[in-house]
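J.: Let me begin by handing over the structure; questions about it come next.
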Amino acid sequence: MAPWRHTHTTLGRLVLLLVALFGGSVQALERVVVQLPQAPQFRYAGLYAAQWQGFYRDAGLEVELRPSHSQQGTRRDPITEVMARRADFGIASVELLVARDHGEGVVILAPLMQQSPNGYFALPVDVRLETLNDLRGQRIGVREGVAEVELSTLLGPAHTTRIQRLDHEPGIGLLLDSEVEVVATTAMVTEWLARERGIYLSSLTARELGSEFYGDILFGSERLLRSDPGLVERFRQATLDGWRYALEHSQSTVARLTQELPPALPELRDWYGFNAYSAGVMGRLIEYPEVPLGQSDLERWRRIHAALTRHGLVTGRFDPEMLYSVVHNDRSPLEETWLHVTATLSISVTVLVLVMLLPLRLLRAGVGMILLIFWLAVHVMEKHLQAHWQHELRSDVQEQVARLSGALVTRTQRVLLTADQLTGGLH
């Protein structure tokens, strides 16, 4: 056979082998519906960023972000929608513990807010809020349920007699009409609306008072996690990547949100200003980069469940299996970094084996390509480490690096040995 024909045949086989190895990754996008608890705003910027920056698409997903109200004005509850299979994922609060206690198969994927978004507000002419003691003894309007439990937990059992339970989210109007002395509500919205109207409020946030309650929480269903765990993981990771982008590029994200989405509340006068203000608040509530995005603490969840139990919202025992971090056994960011690197190197070695099937005159170029891919892998690892560790590695992390590095070397040696055996058989 002529040399050029041998080369053509070898390249043809190489193409077929590459298609067999990697062709399966090209597939139609899977449609996913996410139910938001409120209208679009920077509070959910991470999901919009994941959509706009292609993180969902790269994960093989076509995601619909569904607002809280239908075109007919009907409110959609995220837990109800997910349990009824009208949505695949949703955002809720620690009320997910209550739903689980009532037999709903919800799974907590990631706390998006490490801190509670709630705050306590009063007109300074009536009450000046500076410490927790200033709240005690006041007539406080709060929506019944989880927000009431959070407030009662902070106040203590001896100081809850003057709490006024409401079936709706309280607003500044209750203060202006002197119906209550303090309102417990979402701090982000209340502070901005008061600022727009020139109303000065005395305030304390649940975060300042030491509340352990998480804020917004990304969740899904046990059914979907059992039937398609890969989809759940891809969606979860793409969402966290979206939040990382939104927080690191908050100005451009605010600008796009303001341009492409309608105002979240009709009473908002400055839609851009509200989103810009919310970006700063969300940074404090999410605590990134000090806390890894989506971090979930098992013992903290137990304490929240105990608080709900003391106030009668839940009656059963806490089920750790409702936490994705427990079921999935979350890896640390460092382990994720090394997994990315090992995957890149594994592909590099695979390509090296395929290059060895080429005629000798093409081998040098192939080896050069492998060295380039290897350099890129090391560069990726360096960038990941810079993103996750801005300070020197602690000794325990150094031990983890050594362990993972050893595993990487062992894996690479095995693949190279296999490659040597394959190429040896060709000569």
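Every number here is computed from the coordinates shown, using simple stated rules; none is lab data. The shown structure was predicted, so the numbers you read here are calculated from the model rather than taken from an experiment. Here the Cβ positions follow ideal geometry from the backbone for every residue, glycine too, while neighbour counts run over all protein chains shown.
J.: Need one word for region 240-288: rounded, prolate or oblate. Basis is the Cα gyration tensor (sqrt eigenvalues a ≥ b ≥ c); a/c below 1.5 gives rounded, then a/b vs b/c decides.
T.: prolate
J.: Another question, then. Can you find, among H168, P157, P111, the residue farthest towards the positive end of the dipole of region 84-188? Put +1 on the C-beta of Lys and Arg, -1 on that of Asp and Glu.
T.: So the residue we want is P111.
J.: Still on this structure, please answer the following. What order, most packed first, do the peptides 164-171, 287-294 have when packing is the mean number of other Cβ atoms within 10 Å of each residue?
T.: 287-294, 164-171
J.: Another question, then. How big is the gap, in Å, between the Cα center of region 39-77 and the Cα center of region 283-323?
T.: Each part's Cα centre sits 24 Å from the other's.
J.: For a quick check of your reading of the filter: which GluC sites (Glu not before Pro) in region 134-167 sit in a DSSP loop and have no more than 16 other Cβ atoms within 10 Å?
T.: Listed in order of number, the matching sites are E144.
J.: With N residues in region 51-194, what two-decimal value do you get for its Cα radius of gyration over 2.2 N^0.38 Å?
T.: For region 51-194, the normalised Cα radius of gyration comes out at 1.27.
J.: Set Lys and Arg Cβ to +1 and Asp and Glu Cβ to -1, take the dipole of region 170-269 about its Cα centre, and tell me which of S211, Y200, H249 lies farthest positive.
T.: With unit charges placed on the Cβ atoms, the residue in question is H249.
J.: Show the residues, 5+ positions off or on another chain, whose built amide H is closer than 5 Å to the amide H of M113.
T.: G215, D216
J.: In debye to the nearest 20, how big a dipole does region 166-214 give about its Cα centre with +1 on each Lys and Arg Cβ and -1 on each Asp and Glu Cβ?
T.: I would put it at about 220 debye.
J.: Ok, one more. How large is the dipole of region 18-150 about the Cα centre if only Lys and Arg carry +1 and Asp and Glu carry -1, each at its Cβ, rounded to the nearest 20 debye?
T.: With Lys and Arg at +1 and Asp and Glu at -1, about 240 debye.
J.: Pull out a ≥ b ≥ c, the square roots of the eigenvalues of the alpha-carbon gyration tensor of region 279-333, then state rounded if a/c is under 1.5, prolate if not and a/b is larger than b/c, and oblate in the remaining case.
T.: oblate
J.: For region 200-267, what class follows from the C-alpha gyration tensor (a ≥ b ≥ c being the square roots of its eigenvalues): rounded when a/c is under 1.5, otherwise prolate if a/b is larger than b/c, else oblate?
T.: Oblate, because a/c is 1.5 or more while a/b does not exceed b/c.
J.: To the nearest 20 debye, what is the magnitude of the charge dipole of region 87-197 about its Cα centre, counting +1 on the Cβ of each Lys and Arg and -1 on the Cβ of each Asp and Glu?
T.: Using only the charged Cβ atoms, the result is roughly 260 debye.
J.: Once the piece of chain linking E196 and A84 is laid out straight, how much longer is it, given 0.36 nm per residue of separation minus the C-alpha distance between them?
T.: Result: 36.4 nm gained on full extension.
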